[in-house]
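J.: One structure follows; several queries about it will come next.
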Amino acid sequence: MTVVATALSFDPERLDLDLIHRFLSTQAYWSSGIPRAVVERSVANSLCIGAYRETAEVGFARLVTDRATFAYLADVFVVAAERGHGIATRMVRALLAHHDVQGLRLVLLFTADAHALYEGLGFRTLARPERGMEILRPDVYRSTADSR
């Protein structure tokens, strides 16, 4: 079997919002039930990258960033059939190498199960976790869907 190379692109026009929404709303533990409009707004306001096998999108990742001091890595995924080929690693490396995010003071991410992947890209556990705080609304997408 011949493995076809995966192309990466920052072109927002190439992003398959149907695929991205479907994955994030039904397969991602962090965004179950997320409405399509929220996905569209998050993509429009982030630096995004897609991974493509021929013309089909097979991976996605985004940086929420001010492009000056801070970024938050979010929504990194590769469709099940394409996992294990280093696609997520390539997407994150490309995002972090993007000219708009050079010289940032802080890049954050949260993950439940991919620590080894991100450690290989330079991420470490929080140096001072006691300084971190959050407002967590785990059911926000459920209440949004219920209100329609």
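Bear in mind that the values in this text are calculations on the coordinates, not laboratory data. Every value quoted in this text rests on a predicted model; they were computed, and no experiment measured them. Note that each Cβ is placed from the backbone with ideal geometry, even for glycine, and that neighbours are counted across all protein chains shown.
J.: Does at least one position in segment 58-69 carry a residue that is touching a residue at least 40 places away in the same chain (Cβ under 8 Å), over 23 Å from Leu106 (Cα atoms) and touching a strand residue (DSSP E or B) at 6+ places or on another chain (Cβ under 6 Å)?
T.: yes
J.: Okay, next question. Using the structure shown, decide if Thr111 is exposed (fewer than 12 other Cβ atoms within 10 Å of the Cβ), outside any helix (DSSP H, G or I) and of a type in the set (Ser, Thr, Tyr).
T.: no
J.: Are there helices (runs of 4 or more DSSP H) fully within segment 4-103 with at least 3 residues that are of a type outside the set (Phe, Trp, Tyr), out of contact with any Ser or Thr (no Cβ under 6 Å at 6 or more places or on another chain) and more than 18 Å from Tyr141 (Cβ to Cβ)? List them. Talk me through it step by step, then tell me what you get.
T.: Numbers: elements: 17-26, 36-44, 87-97.
Counting at least 3 such residues, we get 87-97.
J.: With the structure loaded, tell me whether Arg53 is surrounded by 11 or more Cβ atoms within 10 Å (Cβ to Cβ), out of contact with any His (no Cβ under 9 Å at 6 or more places or on another chain) and in contact (Cβ under 8 Å) with a residue 60 or more places away in the chain or whether it fails that test.
T.: Taking the combined requirement at face value, the residue does not satisfy it.
J.: Also: Among the residues of segment 99-113, write down those that are under 20 Å from Val58 (Cβ atoms) and in contact (Cβ under 8 Å) with a residue 12 or more places away in the chain.
T.: Selection gives nothing.
J.: Any idea which of Asp100, Asp66 is among the acidic types (Asp, Glu) and surrounded by 13 or more Cβ atoms within 10 Å (Cβ to Cβ)?
T.: The conditions single out Asp100.
J.: Can you tell me which residue among Arg36, Arg22, Arg41 is surrounded by fewer than 18 Cβ atoms within 10 Å (Cβ to Cβ) and in contact with a His (Cβ under 7 Å, 6 or more places away or on another chain)?
T.: Step by step, each of Arg36, Arg22, Arg41 is checked, and only Arg36 is surrounded by fewer than 18 Cβ atoms within 10 Å (Cβ to Cβ) and in contact with a His (Cβ under 7 Å, 6 or more places away or on another chain).
J.: Note down all Cβ pairs under 8 Å where the first residue falls in segment 30-45 and is within 17 Å of Leu63 (Cβ to Cβ), the second is surrounded by 13 or more Cβ atoms within 10 Å (Cβ to Cβ) and basic (Lys, Arg), and they're at least six residues apart or on different chains.
T.: That search, which allows pairs on different chains as well, returns Ser42/Arg62; Val43/Arg62.
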